[in-house]
Amino acid sequence: MFEQEIEMERRQSSVVPLLLIVGLIFGTVGVAGYYLMQNRKVVTSQEVSTLAARALEAQGPVVLNFHTGMVKASATEKPGDPQYRLLEKIGLVTLGKPTGPAKNITPVTLTAKGKEFLGQIAGVQQTTESDGTVGYATPLASRQLVSVSNIRLLSIGHAVADITWKWQTTALGEFFEASGPTVKGFSTWDRSLLIDKYGANFYHSDPTRATLAFVRNGHDWQIAE
């Protein structure tokens, strides 16, 4: 009787470690299988839309900067450049005659129409400079997501997707449409300056297509750097 009890205890003591090892193996395989299945999942259309919209928003709007007051010509800003003449052309500012010994200071006045017009545009920033002029940073256009397509998995945890985006112009941005009558009313040289330096663009052209790469970070997808 005593010998049978000892033998039973020996069997139990050998079975317990074995069960622990088997459980550990199944647990490891299960966890590995879970993560493998998760990493094989393709980024969803909703995830791509959210990430792409954030990326487009992070680039910020195209902004036109100008000043009112006694504006002195500098390397970065010249009241005689076409952006000021465009603003005058559409009735937002008036330009006085250049003054000063070097004739490099131009009186720029915001009209009543200009004040009302800018007040209706979201995101306009107004600052008073140390020289007494008032600076305006006015959004012209921002990027807007149109569609998401052709999502595909390249390898475990890596995917790509095609997106389409377009420009969304503000009321002022409409006057800076490069194919529009306001910009086309300037000389070829001035149109080039407006496009190269002052925010004019073909905002009404066809939407732009781009391909974004995504990488899985744990449970979440993010745009690959």
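The values are calculated or read from the model by the stated rules, or taken from the named source; none is laboratory data. Remember, it's a predicted structure, so these values are computed and weren't measured experimentally. Neighbour counts are summed over all protein chains in view; Cβ atoms, including those assigned to glycine, are modelled from backbone coordinates with ideal geometry.
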Residue in the stretch 198-205 that is over 15 Å from Arg143 (Cβ atoms) and in contact with a helix residue (DSSP H, G or I) (Cβ under 9 Å, 6 or more places away or on another chain) present: yes
Given (1) of a type in the set (A, V, I, L, M); (2) assigned by TED's automatic domain parsing to the domain that holds Arg54; (3) surrounded by fewer than 18 Cβ atoms within 10 Å (Cβ to Cβ), index of the condition Ile90 fails: (2)
Filter result for Lys166 (within 30 Å of Lys41 (Cα to Cα) and among the basic types (Lys, Arg)): yes
Single match in Val43, Val48 (criterion: at pLDDT 60 or above, over 30 Å from Leu95 (Cβ atoms) and assigned to a loop (DSSP other than H, G, I, E, B)): Val43
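Where in the stretch 60-132 are there strands (runs of 3 or more DSSP E), lying wholly inside it, with at least 1 residues that are free of Cβ contacts under 8 Å to residues at least 12 places away in the same chain and touching a Gly at 6+ places or on another chain (Cβ under 7 Å)? Please lay out each step first, then the result.
Numbers: elements: 62-72, 93-95, 105-110, 125-128.
Per the criteria, 125-128.
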The stretch 110-130, residues that are surrounded by fewer than 11 Cβ atoms within 10 Å (Cβ to Cβ) and under 22 Å from the mean Cα position of the chain (by Cα): Ala122
Filter pass, Leu145 being at pLDDT 95 or above and not in a loop (DSSP other than H, G, I, E, B): yes
Test for Ser155: is it free of Cβ contacts under 8 Å to residues at least 24 places away in the same chain, outside the structural domain of Phe214 (by TED's automatic domain parsing) and of a type outside the set (Phe, Trp, Tyr): no
Unique residue being touching a Leu at 6+ places or on another chain (Cβ under 6 Å), within 26 Å of Gly69 (Cβ to Cβ) and of a type in the set (A, V, I, L, M, F, W, C) when the list is Ala137, Ala200: Ala200
